[in-house]
Amino acid sequence: MFHSARLTLTAWYLLMIMIVSLLFSTVVYRALTLEFERFERMQRVRIQQKLETEQALPPPPDNLRPRIRAVLIGGPSPELIQEAKQRLLIILASVNTGILLIAGGVGYFLAGRTLHPIQDMVDEQNRFISDASHELRTPLTALRTSLEVYLRDKSPAITDARQLISDSLQDVEQLQSLTDSLLQLSQFQKPETPPLEAIQIKDILKSALRKVKPLALTKNITLTDRSKDCTVMGNMTALTEVFMLLLDNAIKYSPSDTVVTVSSEQKDSVVKVSVEDKGVGIDEQDIPHIFERFYRADNSRTKNKTHGYGLGLSIVKRVIELHNGTITVKSKKNKGSVFTVKLPLA
Ligand code: ADP
């Protein structure tokens, strides 16, 4: 598809260039031939006047070669003009053939460059759809299998039924959280930045901390807020989501009875916000990939226990990019991780 679109675009480029080039050549040919004819007329008149006033030699015979005859009478003959026109036509035809070949090559190259971002976007979308379908299929298959097994049972016990419903509800909750994340990611994937306003970093962090508090309580994790007040231009909902996801991860990947700290620091024209935990940490080889969609580091001790689809950090990265900020991570296995977000000040 990409190749045929590239060829079509090249053909359009070529058509436009050739129309311009042929129009230009026609104008040049017309102007020059008119000029030749005018020049020939003027020369003839001048020579006739000269012959009439002076006792001139008889004109050279017509059967002489045009070039010699022209030299003898001091002006171009009609044959010479005809020859010049033919030469002009050949030159213009060669120039147009050259333009056709060069424009074809350049057009093909430019069409490739024009279409590449579109091709990348289509590939990215296809990858996204296939990743999402894959992630959705696994829990759906599990759900279907357990329901089918239960249905095949001739005299199912009521306790089994309750257990099945409770397991199914868990699966449905997970599916719901996956579809919510997918929806969020696709919303932030749009090139437009969400509406920005001047907001206090402290307010964003307070709101995010409030939302993750119930989760922290389940593991007896202490949330410490060391943030200072400063203003950024941002979208309150999107940035709260970012810090909620970072705090959620910090809690998820930390053992019970530890501390998760958020702090902020203003430096030059940026504010640095850090989320630090004393959790399981991330392997060095996983760090470059954790912001990729659906990537879950193979810290297998936590992977099976913690619930997630590897979408949180890709949402975080996308939102930070939309705010012209950056996100970095420093982590040590079994010591903990620090995620640092830098945002430009308002
Ligand atoms: P998930 O839903 O798996 O948490 P994320 O995109 O939020 O997806 O994170 C990607 C991976 O990065 C996680 O699976 C985890 O392995 C690793 N990770 C993220 N945050 C932390 C953290 N604070 N401590 C340890 N590992 C982390």
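The rows are residues; the columns are (1) surrounded by fewer than 17 Cβ atoms within 10 Å (Cβ to Cβ); (2) in contact with a strand residue (DSSP E or B) (Cβ under 8 Å, 6 or more places away or on another chain).
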{"residue": "Lys213", "(1), (2)": "yes, yes"}
{"residue": "Lys228", "(1), (2)": "yes, yes"}
{"residue": "Phe243", "(1), (2)": "no, yes"}
{"residue": "Val260", "(1), (2)": "no, yes"}
{"residue": "Asp268", "(1), (2)": "yes, no"}
{"residue": "Pro288", "(1), (2)": "yes, no"}
{"residue": "Phe294", "(1), (2)": "yes, no"}
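Only a single criterion out of (1) within 22 Å of Leu205 (Cβ to Cβ); (2) within 9 Å of the ligand (Cβ to nearest atom); (3) of a type in the set (D, E, K, R) is not satisfied by Asp286, namely (1). Cβ separations smaller than 6 Å between residues 6+ apart or across chains give the following pairs from the stretch 113-129 residues that are in contact (Cβ under 8 Å) with a residue 24 or more places away in the chain and under 14 Å from His3 (Cβ atoms) to residues that are assigned to a helix (DSSP H, G or I) and not basic (Lys, Arg): Leu115/Ala5; Gln119/Phe2. The sole residue among Leu182, Leu110, Leu205 that is closer than 30 Å to Gln266 by Cα, in contact (Cβ under 8 Å) with a residue 40 or more places away in the chain and not charged (D, E, K, R) is Leu205.
Before we move on, is Arg30 out of contact with any strand residue (DSSP E or B) (no Cβ under 8 Å at 6 or more places or on another chain), loosely packed, with under 11 Cβ neighbours inside 10 Å, more than 30 Å from Met121 (Cβ to Cβ) and of a type in the set (Lys, Arg)? Yes.
Scanning the stretch 256-269 for residues that are of a type outside the set (Ser, Thr, Tyr) and at pLDDT below 95 yields a count of 4. Residue-level analysis places Ser300 outside the set of residues that are within 30 Å of Ile129 (Cα to Cα), modelled with pLDDT under 95, surrounded by 17 or more Cβ atoms within 10 Å (Cβ to Cβ) and within 13 Å of the ligand (Cβ to nearest atom). Among residues of the stretch 303-346 being more than 13 Å from the ligand (Cβ to nearest atom) and of a type in the set (Gly, Ala, Ser), the one that is nearest to Ala238 (Cα to Cα) is Gly325. Only one of the listed residues (Gln200, Gln266) is away from the ligand (no atom under 13 Å from the Cβ), touching a Cys at 6+ places or on another chain (Cβ under 6 Å) and not β-branched (Val, Ile, Thr). That residue is Gln266.
Taking the stretch 33-54 as the range and being of a type in the set (Ser, Thr, Tyr) and exposed (fewer than 13 other Cβ atoms within 10 Å of the Cβ) as the test, only Thr53 passes.
The values are calculated or read from the model by the stated rules, or taken from the named source; none is laboratory data. Model, not experiment: these values are computed from the prediction. So basically every Cβ, Gly included, is an ideal-geometry build from the backbone, and we count neighbours across all protein chains shown.
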